[in-house]
Structure formats: structure tokens, C-alpha cells
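All of the numbers you see were taken from the coordinates with simple rules; none came from a lab. Because the structure is a prediction, the values reported are computed rather than measured. Here Cβ is always computed from backbone atoms with ideal geometry, including for glycine, and neighbour counts include all displayed protein chains.
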Protein chains: 2
Amino acid sequence: MKLFRKLISLDEALKTVLAYAKPAETEIEELGFGDALNRVLAEDVYSPADSPPFDRAAMDGYAIRAEDSFGASPNNPVLLRLIKSQSEKGKESRVEGVEIGDGECFGIQTGMALPNGSNAVVMLEYTKERGSELEIFKPVTPGKNVSFKGEDVKKGEEVLKGGKLLRAHDLGMLASLFKRSVKVYKRAKFGIMSTGDELLNPEEAEPYEGEKRIADVNSYVLAGLTEPIASSYRIGIVRDNYKEIKDTISRSLAKDCDGLLISGGSSVGKRDFIADAVEDSGELVFHGVAIRPGEPTGFGIVNNKPVFILPGYPVAAISAFELLVRPFLFAVHGVKQERKKIFAVARKKIPSAVGRTDFVRVKLFCKENENEYFVEPIRVSGSGILSSMTKSDGFVVIEENKEGVEAGEKVEVIEYY
Amino acid sequence: MKLFRKLISLDEALKTVLAYAKPAETEIEELGFGDALNRVLAEDVYSPADSPPFDRAAMDGYAIRAEDSFGASPNNPVLLRLIKSQSEKGKESRVEGVEIGDGECFGIQTGMALPNGSNAVVMLEYTKERGSELEIFKPVTPGKNVSFKGEDVKKGEEVLKGGKLLRAHDLGMLASLFKRSVKVYKRAKFGIMSTGDELLNPEEAEPYEGEKRIADVNSYVLAGLTEPIASSYRIGIVRDNYKEIKDTISRSLAKDCDGLLISGGSSVGKRDFIADAVEDSGELVFHGVAIRPGEPTGFGIVNNKPVFILPGYPVAAISAFELLVRPFLFAVHGVKQERKKIFAVARKKIPSAVGRTDFVRVKLFCKENENEYFVEPIRVSGSGILSSMTKSDGFVVIEENKEGVEAGEKVEVIEYY
């Protein structure tokens, strides 16, 4: 019996959806760098100038000509003429126009530009101001306690690569280069629809004793998983009705949704209105993927926009999201950064069948003073068991050609976002 | 020479700031569960009911009395009376009021409640509808293909623990329990101030050739680092002027800021207006911590609110943020979750001096098919080198009693947020 129109491997499914992830789908916008946190950079950024833009003091002290300090010692200090004292608190501490000549010194703080003529900073600790003069107790060599122009970034150097998810540090780098705006990928907007006669809206319903319907869980979970990378719009619950589903698909895609995640009703049953509605509205590219949980996953194109058909059971929907939708969203948004994994030793055997890819929820363990993680599967089966998600730290993917994981074997754990 | 009023170890500094992190500072608010993504749960959540709330089908097929299928085989199928066909697409698929008697069966989809009287589901694959009757080719035992009531969560069971940062899955759990609102910690609001005559606003300034001033980097970086856990309010640049700084501190804290992060001007120089202003406005608890970079870090209490004095150099400010401010923010917001680290083998020696804690920026390496990370320090010194942050993946903390890390030694890497 043919369960799905086509049952394909995760590799093939992934290759297929990624082929549809045209970066053009997400346009590029220009933002002030201060608004670009957690956005994906859509350009390579090169430094327009040296950073720092001038030689500057790396310590608090006095800018001098290093040669003037040669021979200084605690018992035989060198005496220099103070152009500016360290104690002139109220005074504007700009150095523009200042010129340090032979035998002169200038009170300076860490980060300030070195005045012209000076080539070193003698630290505060090795000096003492005496009226209009400064005693220096230790010699410095030229360049001592100086941060040189271009030491951080050279003019023309690539500082940030397109495809990077911008962190706080990266915004700081953009600020330091006076790069006011930056090109980032627009966040695509995905409509999120739950289908099923058995669903109640948990924000409104008052289930009664003997109620045979359950809460819509998927629209909240899928919206939360989507949010870090794309915008989500919760369409809500649609009944198991071919026409209603088809109409909602076309209405959502005609409006401002760039794609859809539809969950529920995508299993083998005859209630398979979603796949029919997708096929009749555009193209059903595949339906049925050899992953567990998550087999009844499908993908189609309607109005040139991607439509994912996800299982109704929350754990299966999350599995399909992590294995197919997230890579798609990353590709659409130009994310080139790799996700860091955690290597961990399996404490127990994790069984898996050859011929399908398993998404295994796991818990990480690490005893104090140990420098290795151990991992245990939370529960191998039961895609209705949402607590297997909330109790786990991440997941392990067991590839389809692998017959499980032996106890003691090292696995890759991907932490949840 | 006494560089700081008090130079203390990181351990002591951390213990001190955490003692001031009263959870009462952040109040608790009640939110709709759908709005609680990335918020910190301020209550233990117990399930008000069993979940699932009833026995349900774990497969698509037919709900039956298992006993009726005994003896079925492909050549000798059992015949049952169809109460509802699988093909009744348009029909409301509710099961309330349905009662399965001897010899009856009911078409059902995964996730649907089992009708009264039935105790098992026979999979679609092992059946064939013939008019008003169903042929069954394989027997099932009672409970087969059924998800039992309370299988996921039992009534009264703790499902989420206070102190958890709520992920998408957790929202799903709350939805599944019809828990409409949830108590979370309010996000405290931190004012972020950069000080220094040498600073220009990078969103406005047009630096010219020969300009001796630099961009304000810290207010952007510190706001970005604060955002995942607390709200940030960029106060902007304040000049090196005791009165101006003192006034801005009291004005910000009198208004709606729950605390302040002030960077710059906190070094050993006489320009130390911030520490003076904090001391004169309230209490300067400590100033100077044995961390590198980040030594000129201080902490005070003004109007019963926390004020962090952070170094002017961005890398030093980030180091002080990660080592002191982030743990403080986590404590204030009741975060009990531990941050996952990555264990990695040092490729090179990482030098460090005994007597201070080092914050070392590192890059992680992992070759394909290797199941271990290697780590290299980006640059050991130079807190002016912002590119050491943007080029690194995370940091390693070398404790003060440790004389560096040898090549081949395993270290803990903390990935940046």
C-alpha cells in the first residue's frame, strides 16, 4: 500500500526544498546599524579607514618623545616640561593642534590620541608632577604603551562577511567604523496555520470534563521557532474542510505572506485535504519523508511561494521544522553561519532503524569538574509526547544508513534555540 | 602606588554583585502564554489536567474492540460494521456521543479521541472498506495504537520549573494545558551611558581626516548584550565632566531606569569622575577587579539601584559584562538555567598570569567527520582590538590561580549570545 504519493529520504527532501530557497525571495533592506541586532548581513563590509584612526595611548600617563626618557631611574629622574597636567580635570582634553617638542610632555588617558611629536607614553606610576614639571623614573622605548593606527582593522580590510547573524559585537564594529547603515536580508513573513476539527483555541476555549477536543499547540510552537529568523503570522485554526483550507491558502499567499507552514491533517488518512489543496492550487513537490517523527511532511509551491505541510503531532511538527524548515529559512535569509553542536557520549544505546532519519530528543549531563558531556535519549517514540521536548536540551539526528547509536559512542547534539 | 581604591578578585566581585541582585528588584508580571517567548518563568507550572485529556488514536485507522479482531488474517479477514467510514470527508469527525459496540468500528485519524467502547486502533493498512463493512486482516491487542490519557503529562505533575527561559516548546506545553497566562519576571530596564570627551556619536558624526576622536562603540555593544535578558535604554555620550556625569546618573535613576551601565573613564587616570560621582551619589562598593581585560571595573549602589562602572575599551567592557554584569542580570531575572559550554582542546598554549582572571577570545575549529572541537586564542592582549571579538566564536575564562592553558589541554568555551 502506498502511504504517500512519494516517500523520499531526508537528504532528497532537503536538497529539494533548498533548491526552491532563492535568496531573491527575501529582499534586502538597509538599516541603521543600531537596529541590525540578530539580522543577517547581506553585504561584505570592508573598513573605510584604519581603526583606530590614529596612534593612541594604551595606558594613562604622559605622551613624550621616548628619547627624552632615556637614562631615567628612581634615583635620577628625567625632568620634562608639562604642556598639560593630568590634574586639569575641567579642561577640554583634545589634542588637536598640540605639538610635543624636545623635553615636553602631555598628560594623557588611555584611548586618547597621541599628540603630534610624541612617540610613547610613560605610565602614570613612573612619574610625579612637580609644579610645571614632570619627573620620570623609568625610560620608555619609542612605541611603548601606544596602540598604533590600524592595529585593530586596516583600511580596506574585510571586517564582516555577508551571511553573518549580527551580534552585539558586530554592531560595535560597525559603530567603530562610522558605518551608519548596513544591508541586511528582509525578514520573510510566514503564515502559520493549524488544521483540524479536533482543535480548540487555547486562548479562548474552556475545555469541559469529557471534552474530546485538544488545544492548538502547533501554531504557537511553529511561530516561536520561526521568530528568531523570520516573521510569523498566526493564521489560527482552520477546520478539516477542503474548501476552507484551499481558500485560506490562497487568501494568505495573495496577501503579504511569503510562505506558509500548515500543520495537521497531513497524515496517511483520507482526511488529507491539505495535500490536495496544495496540489490543486499549485504544485505538490513531495509528500512523505523518511524521518521519524515527522513522516507525513510535505512541500509545495503555490503562487511561487513555499508551502510546508507539517504533521499534526507537535513533536513531529518540531522534528520536521528542525530538519527541513529551519535549513530552508536559513537559506532564504542568506545565513551562512554554521550552528555549533555539542559532542557528547551516549550513556545508553539509542535504537534507530535503517532507512529513515531519526530525530531523537536528548538530555545533556555534565558533572562538576568533568570536561565531557553525556547524553541520554528522553524517549525514543511517541510524537504526541510534548514533554519529551520541554525536558530535553537538544536533539541528535541519526542518519538513515545508521542502525542506532551504541552506548559509549560520541554523538552530535544540536541545542534548541 | 594604589591603582584602585580596592582591587578584588573576580570571585569576590561576583559574590558582591550577586548579593545585591535581589529578585524583588524585578517584579513579576502575568502574560498571555503566547507573549512569553524568551521570558523567564516566575512560577512552577503544574498540569491542571491529564494530557492528553483522553485516550486517542496514535495511528490512522479504525477504533474497535480489540477482541473483535482476534483471529483475523489476510486470508480470513474479520468483518466489522462501519459506524463511520474513513472516506466521509465532509462529515464532522467528532466522537462525542459515539459508542462502539460488539462488532462495530469507527474510522479515526491520528490524534482523535477514541470513541467510548473501543480500546484499540487497527491501522488503515490492514483494513479494507467494503460498503457498510470493514475487512480487518490483522488482529490487534487491547491498547494497540492508542495514546493513553495522561501519557504525556499527568494531572498535578510539574511541567515547567520557575527560572526557565521559555522556548517555543514550552509555550506549546502551556497551550496544550490551556494555561492561558503565566507569571514571568519583568524585564528590568538598564540605562547605558558612554563617557568621554574623545567620543563621537557614530550615527551623526562625519569624522574628517585628522579627526582625533573616535566612535562611541560601547553603548551599542552593551545595549545589544543586555537586550536578550533586560531592556536597555541608550542614554548616549556624556562628556568627561564630574557634574554632568553625576547629574545624568541621578536623573536616569530617578526616572524609570532600574540600573545603569556606565562605560569609559573608569581607568586609573585622574579623570576618574564616574567613580567619584557614584561615591558621592550613593555607595561605591568596589572599584578595580583582577580580570584581564576589564580591570577598571566598578560597582556601586545609588538610590538603591545597581550602577556598573565598565572600562572604556570595548573588549574590556565586554569582558566585564560577561564576567559580572550578565551573571547579575541573570540573578535579577531569576534565571536558574545553566549556560551550555563547549569543551574544546587547546591547539596552542594560552598564557595567563596567576593572580588575575583572564577572558580569552577564542575561535573554535572542527574538521568534517571529527567529533571534537579545537580552540585557538584570537589574540591574548589588546583590549582595543574589537576585531578579536568579531572574529571569535566565544571565550575561555582562565581562573586566577591557573598559570595559563597548555597545548592539548581541554577547556570550556562559552559561545557568545
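Summary table below
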| item | result |
| --- | --- |
| Among the listed pairs A:Lys186/A:Lys336; A:Lys410/B:Lys410; A:Lys22/B:Lys363, those beyond 24 Å (Cα-Cα) | A:Lys22/B:Lys363 |
| A:Arg239-B:Glu209 FRET efficiency (beta carbon distance; Förster radius 60 Å; 0.05 resolution) | 0.35 |
| Simple label model, 7 Å out from Cα along Cβ direction - A:Asn304 to A:Glu376, nm | 5.3 nm |
| Per-copy distances of the A:Ala205 label point, shortest first, in nm (7 angstrom along Cα→Cβ) | 5.9 |
| In nm, spacing of pseudo-spin labels at A:Asp102 and A:Asn369 (7 Å Cα→C-beta vector) | 6.6 nm |
| Sorted peptide list for B:331-342, B:59-70, criterion being average Cβ within 10 angstrom, highest first | B:59-70, B:331-342 |
| Rounded, prolate or oblate (a/c below 1.5 giving rounded, otherwise prolate when a/b exceeds b/c) for the protein assembly as shown by Cα gyration tensor | prolate |
| Shielding score for A:216-222, defined as the mean number of other chain Cβ atoms within 10 Å | 6 |
| Relative contact order, percent, segment A:342-415 [alpha-carbon distance under 8 Å, six or more residues apart] | 49 percent |
| Average other protein chain Cβ within 10 Å of Cβ, residues A:389-395 | 4 |
| Modelled FRET efficiency - R0 60 Å, B:Tyr417 with B:Asn75, Cβ distances, 0.05 increments | 0.40 |
| Aspartates and glutamates with Cα under 19 Å of B:Lys138, excluding same-chain neighbours fewer than 8 positions away | B:Asp60, B:Glu67, B:Asp68, B:Asp102, B:Glu104, B:Glu125, B:Glu129 |
| Shielding of A:55-62 by partner chains, average beta-carbon count, 10 Å | 3 |
| Point-to-point label distance, B:Glu283-B:Lys348, nm (Cα→Cβ direction, 7 Å offset) | 4.5 nm |
| Relative exposure of A:Glu151, B:Glu99, A:Glu368, judged by other C-beta atoms within 10 Å (fewest first) | A:Glu368, B:Glu99, A:Glu151 |
| Helix A:242-254 vs. chain A, principal-axis angle (Cα, 0 to 90°, nearest 10) | 30 degrees |
| Burial order of peptide ranges B:112-119, B:233-240 (average beta-carbon count within 10 Å, highest first) | B:112-119, B:233-240 |
| Highest to lowest packing among A:166-177, B:393-404, scored as the average C-beta count within 10 Å | A:166-177, B:393-404 |
| Using alpha-carbon coordinates, inclination of helix B:10-20 to the longest axis of chain B, degrees | 70 degrees |
| Segment B:56-147 - percent relative contact order, Cα under 8 Å, separation 6 or more | 47 percent |
| DSSP beta bridge pairing in chain A, given as percent antiparallel to the nearest 5 | 65 percent |
| Share antiparallel - DSSP beta bridges, the protein assembly as shown, percent rounded to 5 | 65 percent |
| Relative contact order %, chain B, counting alpha carbon pairs below 8 Å whose residues are six or more apart | 17 percent |
| Out-of-range pairs (alpha-carbon distance over 19 Å; input B:Lys255/B:Lys305; A:Lys348/B:Lys161; A:Lys15/A:Lys340; B:Lys128/B:Lys149; A:Lys341/B:Lys341; A:Lys340/B:Lys402) | A:Lys348/B:Lys161; A:Lys15/A:Lys340; B:Lys128/B:Lys149; A:Lys340/B:Lys402 |
| Selection of chymotrypsin sites (Phe, Trp or Tyr not before Pro), segment A:141-214, meeting DSSP coil and at most 13 other Cβ within 10 Å | A:Tyr208 |
| Long-range HN-HN contacts of A:Val285 with modeled amide H, under 5 Å | A:Phe299, A:Gly300, A:Ile301 |
| Efficiency of FRET from Cβ geometry, A:Gln337 and B:Glu406, R₀ 35 Å, rounded to 0.05 | 0.70 |
